[in-house]
Amino acid sequence: MSLVDEFLNEFCEIEKYLRVLTKSNDHKSFSKMLEESKIKNKVINRYLSDLSAFANLRNLLSHERLEGKHIALPAEHVVNRIKELREKITSQPKLFSLYNNAPLVFDKTDTIQTVLLGMRKEDFSQVPIVSHEKLYGVLSSNTISRWLGSDSIDGLFCTSEVTIEEVMAHQEFSDNYVVLAKDETYGKAVAKFEKATVLGKQLDAILVTHSGKPDQKLLGIITMSDMPQIMRELY
């Protein structure tokens with residue numbers, strides 16, 4: 001297979017992916033699909049310049065001829081590059097690959113002492129909280145700090161008597177988590193954390209269930225501490 005054919009085949013795979021991602025018909029241009037896709041797939045946004053250059057080269061290869069011959073040919077390193085990006089864009093790692101064990105979960109009626117001991121043992125900063133086996137929220141070390149510094153604590157207190165529910169009343173944001181399906185991509189997780197930052201909110205965790213429904217069994221939890229690994233594998 002020639003370098004031209006290899007390049008065009010790889011470009012075609014990217015184009016088909018964008019068309020599905022943006023739910024576009026066959027008449028929408030590649031550039032318009034790129035603009036729509038960059039907010040849906042963070043890898044596309046990262047490599048927007050490269051993808052635009054590939055589109056220009058594709059147009060030259062597909063439409064421009066001089067005496068029946070291509071007026072430009074892709075170099076081998078260009079073909080290797082588009083193969084690399086096609087793989088990154090269309091085959092992103094899935095969220096389920098980030099966790100191996102069931103997350104540490106507590107009931108809202110448990111004492112804060114129980115949580116503190118568990119968080120310390122596992123070195124966690126956030127833990128999911130349930131009520132009657134349904135998701136109640138995410139308790140973070142930041143919320144615990146807010147509770148400790150609140151006016152409701154007067155003098156000595158006993159952590160074995162205070163419930164998680166009482167502590168979570170001091171959350172700054174009750175919507176400090178989102179729920180995603182296990183088959184969602186790393187890029188989706190990055191987008192969720194970035195969106196929260198733009199809105200000036202604290203996203204403490206992404207909770208993972210089978211199909212992204214909060215009433216399903218909790219399979220895993222993703223926090224900002226997972227971002228270095230996500231970024232390494234994603235980009």
With Cβ to Cβ distances under 14 Å as the rule, what net charge do the other residues near THR223 carry (K, R +1; D, E -1)? -3
Kindly flag which residue pairs out of LYS40/LYS88; LYS42/LYS217; LYS32/LYS201; LYS188/LYS213; LYS38/LYS134 have an alpha-carbon separation exceeding 23 Å in this structure. LYS42/LYS217; LYS32/LYS201; LYS38/LYS134
Using Cα positions and a limit of under 21 Å, work out the lysines in reach of LYS121, with same-chain residues fewer than 8 apart set aside. LYS108
For the chain, which span is the longest to avoid every loop-located (per DSSP) member of GluC sites (Glu not before Pro) having at most 13 other Cβ atoms inside 10 Å? 68-132
Simple spin-label estimate for LYS134/LEU148, 7 Å along Cα→Cβ, in nm, reads 3.3 nm
Accessible solvent surface per residue of the stretch 8-157, calculated while the other protein chains remain in place, 1.4 angstrom probe, Å²: 62 Å²
Need the full-extension length gain, LYS217 to CYS158, defined as separation in residues times 0.36 nm minus the C-alpha distance. One decimal, nm. 18.0 nm
Kindly report the accessible area of the stretch 168-235 per residue (heavy atoms of protein chains, probe 1.4 Å, no ligands, DNA or RNA), in Å². 52 Å²
Quick one: order SER37, SER97 from most to least accessible surface, probe 1.4 Å. SER97, SER37
Measure off, as a whole percent, the carbon and sulfur share of the 1.4 Å-probe accessible area of the stretch 63-154, all protein chains present. 45 percent
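The values are calculated or read from the model by the stated rules, or taken from the named source; none is laboratory data. Since this is a predicted model, take the numbers as computed values, not measurements. So basically every Cβ, Gly included, is an ideal-geometry build from the backbone, and we count neighbours across all protein chains shown. Just so you know, the surface numbers come from the protein's heavy atoms only, side chains and all, with ligands and any DNA or RNA stripped out. Shrake-Rupley method; radii C 1.70, N 1.55, O 1.52, S 1.80 Å.
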